[in-house]
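Engineer: Let me begin by handing over the structure; questions about it come next.
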């Protein structure tokens, strides 16, 4: 009987602590799960399970271990919010796997994906032909974001035999939190001098004054200043 009550107490404590810590962790654990958050979530659950099942683990030791693990998760999340380098290290970056209708084989290989994987992800977005895709981006949490070709986006244009203009660029970030994404500038074929000219035209003297800026499909720059 004593053993049963011990198991009941361990289960209730483990459930309560796990519920509290996952609520504190926020919705990202579920809604925007990356490899890092997925693994840390599993590890936290295993700690609770070990505390319940293994009687040689003291309840207090289990609670302290779970609490410390959660503190480390919160610390990493805080650093990722404030340091772009840590964010990339923990969550990774979006990867362009289809560019202007062309599959980027090298990027697929880096992500350890094959064409079957890519076509499966496209089907999940109701895209059944590569010919319909202008751009496809593999997000850090594993989902695929798809930009269809204009003629496929607007059926009425196709029905009217109009010749739609394909976008010149895939909209992408140029400045984030006051920092210029130099790699993206080069990818778009733009220079830092061009960027300074665009900012100056909007009465912005420095990229540090910008919260977010992105290149639009038509080559213009959308800017949101810091407030």
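Engineer: Taking the options 82, 46, name whichever one is out of contact with any helix residue (DSSP H, G or I) (no Cβ under 8 Å at 6 or more places or on another chain) and at pLDDT 80 or above.
Structural biologist: Values: 82 fails: at pLDDT 80 or above.
Sole residue among the options that is out of contact with any helix residue (DSSP H, G or I) (no Cβ under 8 Å at 6 or more places or on another chain) and at pLDDT 80 or above: 46.
Engineer: Residues in the range 198-212: is at least one part of a helix (DSSP H, G or I), modelled with pLDDT of 90 or more and more than 28 Å from residue 95 (Cα to Cα)?
Structural biologist: Within the range 198-212 (the criterion being part of a helix (DSSP H, G or I), modelled with pLDDT of 90 or more and more than 28 Å from residue 95 (Cα to Cα)), the answer is yes, since at least one residue qualifies.
The values are calculated or read from the model by the stated rules, or taken from the named source; none is laboratory data. As the structure is a computational prediction, the values presented were derived from the model and not from experiment. Because the Cβ atoms are built from the backbone with ideal geometry, glycine has one as well, and the counts that use them run over all protein chains shown.
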